[in-house]
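Below is one structure, written out as structure tokens, with a few remarks after it.
Coordinate-derived values only; no laboratory data. What you see is a predicted model; the values in this text were computed from it and never measured. Glycine also receives a Cβ, built like all others from the backbone with ideal geometry; neighbour counts cover every protein chain displayed.
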Amino acid sequence: MAASSKNTKHNPKFIFVVGGVMSSVGKGVTSASIGRILIGKGLKVTAIKADPYINLDAGTMNPTEHGEVFVTEDKDETDQDIGNYERFLNTDINSVNYMTTGRVYNTVIERERNLEYNGACVEVVPHIPMEIIKRIKKAQRNADADVTIIEIGGTVGEYQNILFLEAARMMHTKNPDDVAFVLVSYLPIPARVGEMKTKPTQNACRTLNSAGIQADFIVARAAQPLDNKRKKKLSTFCAIPEENAISAPDIDVIYKVPQAFEKQKLGDKILKSLNLSPRKTNMQEWNKMVKRITSAKQEVKIAVLGKYFGTGEFTLSDSYISVIEAARHAAWAQNRQPVLTWIDSEEYEQNPSKLKELKKFDGVIVPGGFGTRGVEGIISAIQYIRKNNIPYLGLCYGMQLAMIEIARNEAKLEGANTVEMDPKAKHPIIEVNPFQADNIRENRFGGTMRLGAYDCKISPNTIAAKAYKKKIISERHRHRYEFNNKYRKQLEEAGVVFSGVNPDKDLVEIAEYKDHPWFVGVQFHPEFKSRPLDPHPLYLEFMKACIKHSK
Ligand code: GLN
């Protein structure tokens, strides 16, 4: 990423991205794509997510309701949009770039208790917005960013995000040239009418106005492109220049969004609104990546197996977004179109004869998970996969359950289990991490898992060594339980190769199975580090094995 050159040094600039009409229309991808095109203009960019909920982090929220919990290098459990920023900006985003209402209040209350307000009456306004601004500026400084994008969660008009809007307004009032506003709004096309309607967006603009904010840009999310008539309407009724109404129709691959924006010269328009002069864009690397995506024709068929998969495609794609994206990055890099099929493991519990459907796939992923539902179904599927030489990638729970399967069926340890399933398991193959025991006993669940980046030492001549081509790697974690080292020897004798171990605490990080073309379980989540411009080595190696298997 190019840093700004000396002769272009300017005040740090801030772009607030807010939502109109409804949520889930792609504010995160819009924010990330704006970041990408500004990087293409040689600017140093960072992105912040401000979420209106009280939770101190996303870790205690159910992913089927809230979406994936993303984990940063520095041990934070954040909203999935931080993952979007990392993937689009191709950089690590740290904990300082994520705030929630709960976090903001927490800090203000702590300060008040520490007498840091010098006897003042501490009030919601201005003290809460001031803390928000403080956090925004800290993230800007931390990244030394020329441009900081701040995405405010939810939609304008909600009680919840008004204090974030107030912070944005305060920043704009103080430095109008340094702050721009982008409203990402939804334009419905009612089937009965067949015409795109701008009225809900007009109302969103007015709501934004009542918070003292005028949008500079409207990104018009819709099933169709924005036509001139609608652009004119948005310009007249929302008080934006016509060319600042940006068309954002549904698109098959999110990584094409930056290009779609650049076609409309959004980069230069944003620079102009921030009082910066236009610059040439260099998106060569990005364009090359997108070209690879569109030119991949042949399919690679991957089954993703877990519980809760009965909840529907939409929920799933949000709950497992990093796994899905990592699989895509790896497949595209090998000129393949990934086709992911979701399989609910509970089906195998009810009807084991269904297991043979797994043969149709080129590879199987068991992603991370918690709790007891569907687990026996996963374990029998893993046995089937192992016996039938189907490439297998187990992520976190997917590694733990693979070890249980091998313990039961190869090491003949009857009653082998994880204590998450059976606290009194006869053979606790997966046990409570000794560093976790107190947390569980005392109900301290928020932010207490083994989280964030940890080192892992790789053994030579293993699949892991072939994938990573390094002796020491670092990957991100999010789990409470660990492989029980008391069983290491027995599992080795049963065919397991422990190819990656944490050097400080001697914890098992990667486990492979010898008599199989590609069977790997990892205690961490490699998907958090996969980027479209830099696919993850382990996913790449898995995908290679799947392609080989498909032949
Ligand atoms: N439930 C398991 C644990 O806490 C696995 C967690 C995961 O897959 N992220 O250790």
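Enumerate the amide H contacts of SER499 below 5 Å, restricted to partners 5 or more residues apart or on another chain; note that Pro and chain-start residues carry no placed amide H.
The answer is ILE510, ALA511, GLU512.
Give me the aspartates and glutamates in straight-line cross-link reach of LYS470: C-alpha distance below 13 Å, same-chain residues under 8 apart excluded.
Counting by Cα, and skipping residues close in sequence, LYS470 has these aspartates and glutamates nearby: ASP455.
Per the chain: cysteines with no other Cys C-beta under 4.7 angstrom?
For the chain, the answer is CYS121, CYS396, CYS456, CYS546, because their Cβ atoms have no other cysteine Cβ under 4.7 Å.
Could you tell me which of rounded, prolate or oblate describes segment 378-450, using a ≥ b ≥ c as the square roots of the eigenvalues of the alpha-carbon gyration tensor, with rounded for a/c under 1.5 and, failing that, prolate when a/b is larger than b/c and oblate otherwise? Present the calculation step by step, with values, prior to reporting the outcome.
Details: a/c = 3.44, a/b = 1.77, b/c = 1.94.
Taking the square roots of the gyration eigenvalues as a ≥ b ≥ c, segment 378-450 is oblate.
Expected output is a single nm value to one decimal: the length gained when fully extending between LYS548 and ASN62, i.e. 0.36 nm times separation in residues minus the C-alpha distance. What is it?
The span from LYS548 to ASN62 would gain 171.3 nm if fully extended.
Rank-order 542-549, 11-18, 459-466 by packing density, defined as the average count of other C-beta atoms within 10 Å over each peptide's residues, highest first. Intermediate values should be presented prior to the final figure.
On the way: 542-549: 21.5, 11-18: 23.2, 459-466: 16.4.
Final packing ranking: 11-18, 542-549, 459-466.
In whole Hz and in residue order, list the ³J(HN,Hα) couplings for segment 504-513 that follow from phi through the Karplus curve 6.51 cos²θ - 1.76 cosθ + 1.60, θ = phi - 60°; x for Gly and Pro.
Listing the rounded values in order: 7, 10, 6, 8, 5, 10, 9, 10, 10, 10 Hz.
Just check segment 449-541 against the gyration tensor rule for me: Cα atoms, a ≥ b ≥ c as the square roots of the eigenvalues, rounded for a/c under 1.5, and otherwise prolate or oblate depending on whether a/b exceeds b/c. Can you show the working numbers first?
On the way: a/c = 1.84, a/b = 1.20, b/c = 1.53.
Taking the square roots of the gyration eigenvalues as a ≥ b ≥ c, segment 449-541 is oblate.
Between their Cα atoms, which of LYS359/LYS544; LYS232/LYS269; LYS41/LYS265; LYS263/LYS291; LYS13/LYS291 are more than 20 Å away from each other? Don't skip to the end; give the middle numbers.
Values: LYS359/LYS544 17 Å; LYS232/LYS269 17 Å; LYS41/LYS265 12 Å; LYS263/LYS291 16 Å; LYS13/LYS291 31 Å.
Distance filter (> 20 Å) returns LYS13/LYS291.
Report the residues of segment 149-179 in range of a label on GLU112: point 7 Å along Cα→C-beta, backbone N strictly under 18 Å from it.
Correct set: 163-164.
Counting only GluC sites (Glu not before Pro) that sit in a DSSP loop (anything but H, G, I, E, B) with at most 15 other Cβ atoms within 10 Å, what is the longest stretch of the chain containing none of them?
Working: sites that count: GLU116, GLU123, GLU158, GLU195, GLU414, GLU442.
The segment 196-413 is the longest one with no such site.
Output wanted: per-residue J couplings in Hz (rounded whole) for segment 68-75, from phi through Karplus 6.51 cos²θ - 1.76 cosθ + 1.60, θ = phi - 60°, x for Gly and Pro.
With coefficients 6.51, -1.76 and 1.60, one gets 4, 8, 8, 10, 8, 3, 8, 6 Hz.
Taking LYS229 as the anchor, which aspartates and glutamates have their alpha carbon closer than 20 Å to its alpha carbon, excluding any fewer than eight residues away along the same chain?
Candidates past the 8-residue exclusion: GLU195, ASP216, GLU242, GLU243, ASP250.
Identify, among ASN142, TYR159, HIS172, the residue whose Cα sits farthest towards the positive end of the charge dipole of segment 130-193, taking +1 on the Cβ of Lys and Arg and -1 on the Cβ of Asp and Glu, with the dipole about the Cα centre.
Highest projection toward the positive end goes to TYR159.
Using every Cα-Cα pair within segment 25-180, state what percent have a distance larger than 28 Å.
Values: 2222 of 12090 pairs.
When all Cα pairs of segment 25-180 are counted, 18 percent exceed 28 Å.
With a ≥ b ≥ c taken as the square roots of the eigenvalues of the C-alpha gyration tensor of the chain, please select rounded if a/c is under 1.5 and otherwise prolate if a/b is larger than b/c or oblate if it is not? It would help to have the intermediate numbers written out before the result.
Working: a/c = 2.00, a/b = 1.59, b/c = 1.26.
It comes out prolate by the Cα gyration axes.
Determine the dipole magnitude for segment 461-522: charges of +1 sit on the beta-carbon of Lys and Arg, -1 on that of Asp and Glu, nothing else is charged, the reference point is the Cα centre, and the result goes in debye to the nearest 20. Before the final figure, lay out the partial values.
Working: 12 positive and 9 negative charges, 46 e Å.
In debye, rounded to 20, segment 461-522 gives about 220.
Quote the FRET efficiency, to the nearest 0.05, computed for LYS489 versus LYS288 with a Förster distance R0 of 56 Å and r equal to the Cβ-Cβ distance.
E between LYS489 and LYS288, to the nearest 0.05, is 0.70.
Can you list which of the chymotrypsin sites (Phe, Trp or Tyr not before Pro) found in segment 418-512 are DSSP loop residues with at most 12 other C-beta atoms within 10 Å? Don't skip to the answer; put the middle values down first.
Numbers: sites: PHE435, PHE445, TYR454, TYR468, TYR481, PHE483, TYR487, PHE498; in loops: PHE435, PHE445.
Of the chymotrypsin sites (Phe, Trp or Tyr not before Pro), the ones in loops of segment 418-512 whose Cβ has at most 12 other Cβ atoms within 10 Å are PHE445.
Is there a quick way to get the dipole size of segment 31-83? I mean about its Cα centre, with the Cβ of Lys and Arg at +1 and of Asp and Glu at -1; what is the value in debye to the nearest 20?
On the way: 5 positive and 10 negative charges, 102 e Å.
I would put it at about 480 debye.
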